[in-house]
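Presented below is the structure to which this report refers.
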Amino acid sequence: MNLSHTLQTVARHLPQAPAITFAGRQLTYGAFEHQVACIAGALRNKHGLKTGDRVAIVMDNCLEFLPALYGIWRAGLAAVPVNSKLHPKEVAWIVGDCGAKLIVATAALADTLGTFANHAWPRVLIAGTREWMAMLFSDPIIETENDADREAWTFYTSGTTGRPKGAILTHRNLLFAAHAYYADIDFLDAQDCMLHAAPLTHGSGLYALAHIARGSHQIIYPTFEPEQILEAFARRQNVSMFAAPTMVVRLLGHADAGAADTAGLKTLIYGGAPMYTADLKRALTLFGPRFYQVYGQGESPMTITGLTKAMHADNAHPDFAMRLASAGIARTGTAFKIVDADGKTLPAGEVGEIITRSECVMAGYLNNPAATKATLRKGWLWTGDLGSIDAAGVLTLKDRSKDLIISGGSNIYPREIEEVRLTHAGVLACSVTSRAHTEWGEEVIAFVVRRPGMDVTAADLDQLCLDNIARFKRPKGYRFVAALPKNNYGKILKTELRDWLQAETPNG
């Protein structure tokens, strides 16, 4: 099924129900469907796009994003949402790699692309302009081919190392993810609403698909402002939201968080980066067990494992603390296992690479058969992540395989050390990496951001390690920094931390 037809079903049944709200403007489901049909008609008839052509979406969060996305699908085209925080040079690489025939952009981003003077962009269509409004009066497309295996959304990985790769996600992949949402996270209907304060070009936009198919109200914010989110929790009912862990931490740190009325919060879904146990415990105390953790990748978006709301709530379970530090259990319809380098399944408790298979796994990487062959093997997606599984099927993530530290022949997992560091009240953020050592191969170095107004020393952190983990895992050096380098998705760039260390003198 073409994803745009899930919208059509809701629009026929609930044409007056609120569909999208942004900055005081609102579309009903009937108006949403009408815009989608007309945009599709304009893309085919005015702009001359053909089935399978790609359209790059370079947009901030706005009212026009979802009509543009669904209009692209209704026209039989593929969408390539691009992170709005990327440099024009990075956008140019993605647009060129995917061969986009058209760019749909918000005005400010279109202006930014225009400053990249020496690049020949495809045609840029700017949301909200007279040309955009004229599209809404085009001859509508009501029906389109229902090829579930057609490319729907090509997601470019964050590119923490090298060039980003375009993971091709089909309509079937995304419909499976929506169905897994209903099976594992929540039943949805027109009484629900979804807050979008994270970028629609990423996880939040993907979760909109499950909500739109059930007639939920999409409330879009231009940026993440904790005060607005807390106000929505108090004023609205049946509120869901996708948030990166850094957003959850910002909510916890807001001055009004402790007295906030969160009665309207139904589910806060988090993922995309580690949520440290200390932060999660604070969040459970403040908001209650309304959390669901998702683990996935752009190649199998947010649909590998999940830490359920029930597991967040079960504080009487003997392994409760371990489970809070885990990534939960396999999602409905998804399989995963832990294997060694040869693909042999490892027993419970042993650390290896996580591989997964489901109807959510990508079709492959665009224009990169070598990477596709290396990542997709005999129906399994090799994630590059390291983890272990217990007897109950609970997955604990260790690290990306490239971030594993081997010192003196012993494996050291940075996340384990980071978790210990963050139990110190004076540590705001921490990231652990390594540098070469002539005797041990590698040695552990910790980068630490102090909490404002608090003094934390290397000796304090050394003792914390000695009190909680094996001595050989203890960092051999500390770097206190003002902030950790992150990419545009909020993930810490350990490659950059290693570059910092390499630039130091040998005795630095």
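Values computed for the structure shown
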| read-out | value |
| --- | --- |
| Members of K337/K398; K266/K486; K337/K491; K344/K373 lying beyond 23 Å, as alpha-carbon distances in this model show | K266/K486; K337/K491 |
| Rg followed by Dmax, in Å, when region 134-257 is reduced to its Cα trace | 17.1, 51 |
| D189-Q26 FRET efficiency (beta carbon distance; Förster radius 25 Å; 0.05 resolution) | 0.85 |
| Alpha-carbon radius of gyration plus Dmax, which is the widest Cα pair, for region 73-166 in Å | 14.9, 45 |
| Interchain or long-range residues, amide H under 5 Å from G364's placed H | I168 |
| Rounded tilt (10° steps) of 277-287 against the dominant C-alpha axis of the chain | 50 degrees |
| Interchain or long-range residues, amide H under 5 Å from F291's placed H | L268 |
| Region 199-297, dipole about Cα centre (Lys/Arg Cβ +1, Asp/Glu Cβ -1), debye to the nearest 20 | 300 debye |
| Degrees, to the nearest 10: 88-98 long Cα axis against longest axis of the chain | 70 degrees |
| Over region 448-503: Rg over Rh, Cα atoms, Kirkwood Rh | 1.01 |
| In degrees, nearest ten, helix 494-503 long axis to first principal axis of the chain (Cα) | 50 degrees |
| Cα centroid separation - region 76-90 against region 15-31, whole Å | 25 Å |
| In region 51-146, the GluC sites (Glu not before Pro) that fall in loop regions by DSSP, at most 13 other Cβ within 10 Å | E143, E145 |
| Reachable aspartates and glutamates, given that their alpha-carbon falls under 17 Å from the alpha-carbon of K494 and they are not under 8 places away in the same chain | D385, D399, D403, E416, E418, E419, E442, E443, E504 |
| In region 1-102, trypsin sites (Lys or Arg not before Pro) in a DSSP loop with at most 11 other beta-carbon atoms within 10 Å | K50 |
| From the C-alpha gyration tensor of region 1-66, square roots of 5λ in Å | 22, 16, 10 |
| Accessible area of the chain belonging to carbon and sulfur atoms, whole % at 1.4 Å probe | 52 percent |
| DSSP-defined antiparallel bridges as percent of all bridges, the chain, nearest 5 | 60 percent |
| Isotropic mean projected area of the C-alpha convex hull, the chain (nm²) | 24.6 nm² |
| Full-extension gain in nm, T285 to E350, via 0.36 nm per residue minus C-alpha separation | 20.2 nm |
| Charged-residue dipole, Cβ positions (Lys, Arg, Asp, Glu), the chain about Cα centre, Debye nearest 20 | 560 debye |
| Inter-centroid distance (Cα atoms) of region 310-382 relative to region 251-299, Å | 23 Å |
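The values are calculated or read from the model by the stated rules, or taken from the named source; none is laboratory data. In this text, all values refer to a predicted model and were calculated from it rather than measured experimentally. Ideal geometry is used to build each Cβ from the backbone, glycine not excepted, and the neighbour counts take in all protein chains shown. Quick note on the areas: whole protein, heavy atoms, side chains included, nothing else; ligands and nucleic acids left out. Shrake-Rupley method; radii C 1.70, N 1.55, O 1.52, S 1.80 Å.
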